[in-house]
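K.L.:
Just dropping this structure here.
Read-outs: derived from the displayed coordinates by stated rules, not from any lab. For clarity, every value in this text was computed on a predicted model and none was experimentally measured. FYI the Cβ positions are ideal-geometry reconstructions off the backbone, even for glycines, and counts take in every protein chain you see.
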Amino acid sequence: MVPKPLWLLAELTYRCPLQCPYCSNPLDFAGARFKRELATEEWCRVFREARALGVLQLGLSGGEPLLRPDLETLVATAHELGLYSSLITSAYRLSKDRLAALKQAGLDHVQISVQAADAGLSDHIAGTASYRDKIAAYHYTRELGFPLTVNVVLHRTNLHQVEAMIRLAESLGAERIELANTQFYGWAFHNRDALMPTKAQLDAAWEVVQRERARLGNKLEIVWVLPDYHEQYPKPCMGGWGRAYMTVTPGGEVWPCHAAGRITTLEFANVRDHPLEWIWSESEAFNRFRGDAWMPEPCRSCPRKTVDFGGCRCQAFLVAGDAGVTDPVCSLSPQRRLVDEAVAAAERAAAAAEAPAEWAYRAAPASRAIAAKG
Amino acid sequence: MNRPGPAVVPRIAPKARLQRDEVRDREVLLYPEGLVALNETGSAILNLCDGTRSVAEIVQALKQRYGAEGIEGDVTAFLDGLAAKGLVTYAPPAPPSYPPTPSAPPR
């Protein structure tokens with residue numbers, strides 16, 4: 001039986017004022033594939049269809065969702081449907097009035113990213129001066145009574161600030177801080193050499209997290225998203241392919257996760273052409289890796305297959321060139337050496353005290369150049 | 001921390017919301033990035049958390065509704081579990097409903 005989805009990530013636009021080099025958006029976000037954004041009524045229909053399918057949690061993301069002038073309408077529709085809505089934003093130029101209007105429309109939760117614990121480093125990583133706006137928005141969020149999640153993506157250049165990040169979130173009165181070690185997809189995969197942390201950095205940060213968790217108890221929830229290249233087993237990506245989660249992209253393609261569009265061996269249906277129910281239940285892309293019948297060895301006979309579902313299909317495609325093999329992050333994968341080599345390169349560079357490789361900022365001109373190359 | 005007694009008033013935290021899940025024929029408690037699926041009893045308890053009833057009053061109401069005995073422990077454990085996740089908050093017992101003692105006359 002086809003499971004029912006609980007989560008919908010609505011990527012309302014790929015336009016964004018920030019240029020973070022680890023962005024999970026597609027490398028060719030500025031290309032023709034994503035050009036024509038869904039209209040307000042189309043999104044509202046997607047929300048209705050998602051709710052009827054069983055979705056309860058809605059992430060409003062992007063790109064920068066605040067760039068959609070109809071965001072208030074979309075939030076109000078989600079609220080009427082009974083969806084729990086989270087705004088996932090950079091908070092760039094977010095005014096208190098706009099946030100109050102979103103509260104009025106029924107928005108439930110706000111997640112604001114920050115790129116580091118201080119303005120200099122945060123603005124450098126974002127590629128856009130945005131730290132001041134973020135701090136102001138954190139305060140608006142609390143003043144308006146929203147639950148607040150502070151999100152920080154961790155990598156080579158900011159891992160040393162984990163303690164300061166936690167203290168910042170604490171001082172803001174946040175409910176949660178998500179310390180999300182970079183997952184290597186999209187721009188992060190493109191910039192992997194520049195972003196890859198060392199084992200020593202990760203160990204030191206993890207120690208801080210454990211200490212701060214003990215100190216803070218349930219006053220502040222500290223979420224630590226595992227750096228999977230440094231783990232022994234893969235993550236249970238999305239809780240399994242086509243099992244609980246879907247992403248709708250700005251142009252209406254539906255993906256089993258926000259990185260899946262990169263898998264060129266799958267064809268993804270569009271909400272402009274098909275009802276969401278058909279896409280979820282019937283479409284080839286959602287069924288290809290659903291359940292465990294598709295699994296090759298070593299997954300097929302592995303007792304962990306019900307724990308991690310063979311890991312991440314996108315990672316298998318990006319690293320091993322085949323979405324249908326075991327996630328190469330798994331120590332049992334015949335392709336694990338591809339992950340080990342990437343990790344070892346970062347260790348060698350750090351040991352030689354080399355400056356990390358330069359990253360490419362996530363920006364439209366770079367994206368168009370990549371899209372043109374195909 | 002002292003365990004809250006039966007006189008405290010539980011309330012669903014502002015970040016959480018009770019929602020009917022028609023597709024799965026149940027209620028859920030939704031919160032940032034997660035949800036708790038509720039069975040019938042859990043639903044009944046949370047629907048009684050209206051910010052005025054104490055734990056003791058909720059237990060009493062459930063006893064009347066279901067004729068169940070000895071449920072105090074289960075109700076408390078359920079609410080404490082949600083409180084540990086920050087999904088339920090406890091307010092101090094409501095003040096007594098009779099008029100407060102008048103201040104002492106001036107001597």
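K.L.:
Using the charge dipole of the range B:9-88 (Lys, Arg: +1 at Cβ; Asp, Glu: -1 at Cβ; taken about the Cα centre), state which of B:GLY73, B:GLY51, B:ALA37 has its Cα farthest towards the positive end.
P.N.:
Among B:GLY73, B:GLY51, B:ALA37, the one farthest towards the positive end of the dipole of the range B:9-88 is B:GLY51.
K.L.:
In addition: With Cβ to Cβ distances under 13 Å as the rule, what net charge do the other residues near A:GLY145 carry (K, R +1; D, E -1)?
P.N.:
Values: positive: A:LYS96, A:LYS103, A:ARG142, B:LYS15; negative: A:ASP108, A:GLU143, A:GLU175.
Local charge sum for A:GLY145: +1.
K.L.:
Relative contact order, percent, of the range B:9-88 when contacts are C-alpha pairs under 8 Å separated by at least 6 residues? Please report the intermediate quantities before stating the final value.
P.N.:
Working: 88 pairs, mean separation 25.4, N = 80.
In percent, rounded to a whole number, it is 32.
K.L.:
Under the classification rounded if a/c is under 1.5, otherwise prolate if a/b is larger than b/c and oblate if not, where does the range A:63-209 fall, given a ≥ b ≥ c as square roots of the Cα gyration tensor eigenvalues?
P.N.:
prolate
K.L.:
I've got another one for you. Need the full-extension length gain, A:ARG98 to A:ARG33, defined as separation in residues times 0.36 nm minus the C-alpha distance. One decimal, nm.
P.N.:
Difference between extended and current length: 20.4 nm.
K.L.:
Got the relative contact order for chain A handy, in percent, Cα pairs under 8 Å and 6 or more residues apart?
P.N.:
This gives 21 percent for chain A.
K.L.:
Provide the percentage of antiparallel DSSP beta bridges, counting only those with both residues in chain A; round to the nearest 5.
P.N.:
10
K.L.:
Separate question: With a/c under 1.5 counting as rounded, go ahead and sort the protein assembly as shown into rounded, prolate or oblate using the C-alpha gyration tensor (a ≥ b ≥ c being the square roots of the eigenvalues; past the cut-off, prolate if a/b is larger than b/c, else oblate).
P.N.:
Prolate shape, in that a/c is at least 1.5 and a/b is the bigger ratio.
K.L.:
Per-residue counts of other Cβ atoms within 10 Å, averaged by peptide: what ranking do you get for A:335-347, A:180-192, highest first?
P.N.:
Ranking, from highest mean packing down: A:180-192, A:335-347.
K.L.:
GNM on chain A, C-alpha springs below 10 Å: top fluctuator among A:PRO356, A:PRO328, A:PRO227?
P.N.:
Comparing A:PRO356, A:PRO328, A:PRO227 in a Gaussian network model of chain A, the most mobile one is A:PRO356.
K.L.:
Taking the Cα centroid of the range A:10-37 and of the range A:57-119, what is the distance between the two, rounded to the nearest whole Å?
P.N.:
17
K.L.:
Next question. With θ taken as phi - 60° and the coefficients 6.51, -1.76 and 1.60, list the Karplus ³J(HN,Hα) couplings across the range A:256-263 in order, rounded to whole Hz; mark glycine and proline as x.
P.N.:
Once θ is set to phi - 60°, the couplings for the range A:256-263 become x, 7, 6, 10, 5, x, 6, 6 Hz.
K.L.:
Could I ask something else about it? Can you pick out the pairs among A:LYS4/A:LYS373; A:LYS35/A:LYS305; A:LYS96/B:LYS15; A:LYS134/B:LYS15; B:LYS63/B:LYS85 whose Cα atoms lie more than 29 Å from each other?
P.N.:
With Cα atoms farther than 29 Å apart: A:LYS4/A:LYS373; A:LYS35/A:LYS305.
K.L.:
Take the alpha-carbon centre of the range B:9-44, take the same for the range A:245-322, and report the distance between them in whole Å.
P.N.:
Distance between centres, Cα-based: 29 Å.
K.L.:
For a test of the definition: using alpha carbon positions, the gyration tensor, and the 1.5 limit on a/c, classify the range A:266-374 as rounded, prolate or oblate.
P.N.:
Judged from the Cα gyration tensor, the range A:266-374 comes out oblate (a/c at least 1.5, b/c at or above a/b).
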